[in-house]
1. Could you count how many residues in the stretch 46-99 are in a strand (DSSP E or B), farther than 19 Å from PRO32 by Cβ and in contact with a Gly (Cβ under 9 Å, 6 or more places away or on another chain)?
2. Within the bounds of the stretch 74-82, is there any residue that is open to solvent by less than 80 Å² (accessible area, probe 1.4 Å) and under 19 Å from VAL23 (Cβ atoms)?
3. Which residues, taken from the stretch 18-45, are open to solvent by less than 90 Å² (accessible area, probe 1.4 Å) and part of a loop (DSSP other than H, G, I, E, B)?
4. In this structure, is THR68 closer than 14 Å to MET28 by Cα and more than 12 Å from the chain's Cα centre (by Cα)?
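The values are calculated or read from the model by the stated rules, or taken from the named source; none is laboratory data. The shown structure was predicted, so the numbers you read here are calculated from the model rather than taken from an experiment. FYI the Cβ positions are ideal-geometry reconstructions off the backbone, even for glycines, and counts take in every protein chain you see. The area values use the complete protein model at the heavy-atom level, side chains included, leaving out ligands, DNA and RNA. Shrake-Rupley method; radii C 1.70, N 1.55, O 1.52, S 1.80 Å.
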Amino acid sequence: CRAKKEALKLTEQLASIDIENNVVPTCMLMHPLAPFTAIADDRGTLRVWDYQTGQILNRFPLGMPGRTVASLALVNELDDSLLMAGGADGSVRIWRNYAASGEER
């Protein structure tokens, strides 16, 4: 069965995320099951958004001063996932409870 060309077009915008002025996103990751998007910026801050409601669920410093976040990944993404941030210099940080404000550790 071949899909029709029209069926493959993206016709609806899922969400629009605006970050503060003069902040540049460096990495983005979408959770495969929950409506969460994690975005790291050039100032070392991570924001977790609920893209269905448009609400920021959490915002915290990545603890990687002076380092660029090169990648974001989920560990054990189908259960109680952990968020892993990798720096361009090879450093790695991992958090649990990253989507709950003040609960990340």
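1. Total satisfying the criteria: 6.
2. No, that holds for no residue.
3. Restricting attention to the stretch 18-45, the residues satisfying the condition of being open to solvent by less than 90 Å² (accessible area, probe 1.4 Å) are 19-20, 23-27, 29-32, 34-42, 44-45.
Scanning the stretch 18-45 gives ILE19, GLU20, VAL23, VAL24, HIS31, PRO32, ALA34, PRO35, ASP42, GLY44.
4. Values: closer than 14 Å to MET28 by Cα: yes; more than 12 Å from the chain's Cα centre (by Cα): yes.
Considered against the rule, which asks whether it is closer than 14 Å to MET28 by Cα and more than 12 Å from the chain's Cα centre (by Cα), THR68 comes out as yes.
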